[in-house]
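Report on one structure; see the data block that follows.
The values are calculated or read from the model by the stated rules, or taken from the named source; none is laboratory data. The shown structure was predicted, so the numbers you read here are calculated from the model rather than taken from an experiment. Note that we place each Cβ from the backbone using ideal geometry, even for glycine, and neighbour counts take in every protein chain shown. Note: areas computed on protein heavy atoms with side chains; ligands, DNA, RNA excluded. Shrake-Rupley method; radii C 1.70, N 1.55, O 1.52, S 1.80 Å.
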Amino acid sequence: MTTTALPESRFAVARQVADAVLFEGYVLYPYRASAAKNRLRWQFGVLVPPAWGPAHGEHSFQRTEVVMEPRGAATLAVELRFLHAQRRTVEEARTDGSFTAVPELNLPDRVLVPWDEGTEERVEMTVPVSELEEGEVSLPFVRPAREETEPVLGADGREVGRLVRRTERADGVLRLRAEQLDVPYRAFKLTAVVENTSDWTPDTEGAARADRDVVLPRSLVAAHLLLGLSAGSFLSMTDPPEWAKASVATCANRHTWPVLAGEPGSGDVVLSSPIILEDHPGIAPESIGAMYDATEIDEILALRTAALTDQEKREARGTDARAAAVIDLAESMPPEVLERLHGAVRALREITDPGAPTPDSFGELFDEDAVFKPDTPWWDPEHADPAGPARDRILIDGTSVGPGSRVVLRPGLRRTDAQDLFLQGAAAQVEAVLHDVDGGVHLAVTVEGDPGADIRREQGRFLYFQPDEVAPLEGA
């Protein structure tokens, strides 16, 4: 076993998507530490110390299992990638030469605030497949605790403060093994386990009392694997050949999901990600750069970022260097680049594909009676006045429904979102009755019992249903 990886070019294409996984949700619009949605961070692929995880529903390991067909004296290259959180505090310089911690430090171009930064970490190894046949191969790793300071200079060049970055120790292990399959071909089930092995326990009354903010610097954040064969290929976990379907069905992936990556049509690279992807995922060709926000809606994010006030931009620049880069990107974007983001519908390319569905085949996908049809045509000026008070309420099953009304959710008629199935029969409160320019009616709701309901109201991020997808609750 060695700790060198396959040539960088082998993982180059897959790493574009892996980078998006690594930094997904790193800092969300409006890119300020003070924003409510930036106070609970890092939800994907967090491997916590074993003493803390079970009591909080988080995991200390992830396991990848995938079928591979190595050829000859093939070697397997593995690259584990994760973020190591480092806590940044802000200190202001005093006249006596000392420093004191402050909640913010105002500078002409930015406002520095405490924040958890993420440093990218890699653990790389290459091992012959024949060695994996003989037994498990493991590679322990340690990221030691450290502390660094960075001086902060004012406009006149004098030191006005400093940033102190503290990183806690993180321990882990990467385990690999290969099991010969009972199939007509030379094929193996590859198992790769990544585990946080930290023996850390909190000082206060046991692990269950520790705060997540204390645990994150000791965790492997957004952990994922890149796997590459020097000769041979991996099999798709979603579309394996007939002879391998039974073997693929025995693969048990925990807290991660492997997909074929690399160039389309190739099978020598796998990305095992805590975010479920399809085979050969790719970055949208129109994308102008990372914006770290829910796998990107570049045009909307760019426009809204450019519209932030100067003070909001100063706060974002002081939050994180990556947030500052997003602000600079939005401010410097040429009009022709922004125009490229508008109206890109890649699905239309399938129309010219001989294998694409014909118009006659679309009918079976939709139940015409289940689709809500507006009573008014596109942008009927006679019905476009949004100011009428009667528009704040509508009749559903003979009951007047408006803001504050309680309803029961009955989604599914349009089969547009699988997540809606989990809300079947849930009680919700109507926050607003909205009308679009087609004459359609939409109810903005929050689900009762949702711990994030107050944040949704604050940000105006509701769930939306049409009138035939809800029923008034009696006595509400």
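Residues in the range 11-31 include none that are of a type in the set (S, T, N, Q) and more than 28 Å from A178 (Cα to Cα). Give the residue that is nearest to W42 (Cα to Cα), with candidates limited to residues of the range 54-91 that are within 24 Å of the chain's Cα centre (by Cα) and in a loop (DSSP other than H, G, I, E, B). Going through the qualifying residues, I end up with E58.
Out of the range 434-450, which residues are assigned to a strand (DSSP E or B) and under 17 Å from R461 (Cβ atoms)?
First, the residues of the range 434-450 that are assigned to a strand (DSSP E or B): 434-435, 441-447.
Within the range 434-450, L434, H442, L443, A444, V445, T446, V447 meet the criteria.
Restricting to the range 122-150, give me the number of residues that are under 30 Å from W42 (Cα atoms) and open to solvent by 30 Å² or more (accessible area, probe 1.4 Å).
Pass one, the range 122-150, residues under 30 Å from W42 (Cα atoms): 122-126, 137-150.
Checking which are open to solvent by 30 Å² or more (accessible area, probe 1.4 Å) leaves us with 122, 124, 138, 140, 142-150.
Number satisfying all stated conditions: 13.
Just to be sure I understand, how many residues within the range 144-158 are part of a strand (DSSP E or B) and over 30 Å from A170 (Cα atoms)?
Quick first cut of the range 144-158, residues part of a strand (DSSP E or B) only: 146-153.
Narrowing further to those that are over 30 Å from A170 (Cα atoms): 153.
Total meeting the criteria: 1.
Summed over the range 247-261, the residues that are open to solvent by 10 Å² or more (accessible area, probe 1.4 Å), within 25 Å of the chain's Cα centre (by Cα) and farther than 16 Å from V193 by Cβ give a count of 1. Would the range 405-412 turn up any residue that is open to solvent by less than 90 Å² (accessible area, probe 1.4 Å), among the hydroxyl-bearing types (S, T, Y), modelled with pLDDT of 75 or more and in a loop (DSSP other than H, G, I, E, B)? Yes, some residue in the range 405-412 is open to solvent by less than 90 Å² (accessible area, probe 1.4 Å), among the hydroxyl-bearing types (S, T, Y), modelled with pLDDT of 75 or more and in a loop (DSSP other than H, G, I, E, B). Going by what's in this entry, would P54 be described as touching a helix residue (DSSP H, G or I) at 6+ places or on another chain (Cβ under 6 Å) and over 20 Å from F23 (Cβ atoms)? No, not satisfied. Output yes when any residue across the range 185-208 is modelled with pLDDT under 95, among the polar types (S, T, N, Q) and surrounded by fewer than 19 Cβ atoms within 10 Å (Cβ to Cβ), and no when none is. Within the range 185-208 (the criterion being modelled with pLDDT under 95, among the polar types (S, T, N, Q) and surrounded by fewer than 19 Cβ atoms within 10 Å (Cβ to Cβ)), the answer is yes, since at least one residue qualifies. Restricted to the range 262-309, and to residues there that are of a type outside the set (A, V, I, L, M, F, W, C), modelled with pLDDT under 85 and open to solvent by less than 40 Å² (accessible area, probe 1.4 Å), the residue that is nearest to F234 (Cα to Cα) is G262.
Taken together, the criteria exclude R71 from residues that are open to solvent by 60 Å² or more (accessible area, probe 1.4 Å), touching a residue at least 12 places away in the same chain (Cβ under 8 Å) and in contact with a helix residue (DSSP H, G or I) (Cβ under 9 Å, 6 or more places away or on another chain).
Inspection of the range 233-246 finds no residue satisfying the criterion of being open to solvent by 60 Å² or more (accessible area, probe 1.4 Å), of a type in the set (D, E, K, R), at pLDDT 85 or above and under 22 Å from the mean Cα position of the chain (by Cα). Counting only residues that are open to solvent by 40 Å² or more (accessible area, probe 1.4 Å) and assigned to a strand (DSSP E or B), the range 19-53 holds 0 of them. Checked against the criterion of being among the small types (G, A, S), in contact with a His (Cβ under 9 Å, 6 or more places away or on another chain) and surrounded by 16 or more Cβ atoms within 10 Å (Cβ to Cβ), the candidates G161, G118 yield just one match: G118. Annotation: V215 fulfils all but one of (1) in a strand (DSSP E or B); (2) surrounded by 21 or more Cβ atoms within 10 Å (Cβ to Cβ); the unmet one is (1). Of all residue pairs spaced 6 or more apart or on separate chains, those with beta-carbon atoms under 7 Å, a first member in the range 142-162 that is free of Cβ contacts under 8 Å to residues at least 40 places away in the same chain and a second member that is of a type in the set (D, E) and surrounded by 11 or more Cβ atoms within 10 Å (Cβ to Cβ) are V142/D171; A145/E168; P151/E159; L153/E159.
Applying the criterion of being touching a Ser or Thr at 6+ places or on another chain (Cβ under 8 Å) and hydroxyl-bearing (S, T, Y) to the residues of the range 61-102, the residue that is farthest from V221 (Cα to Cα) is T75.
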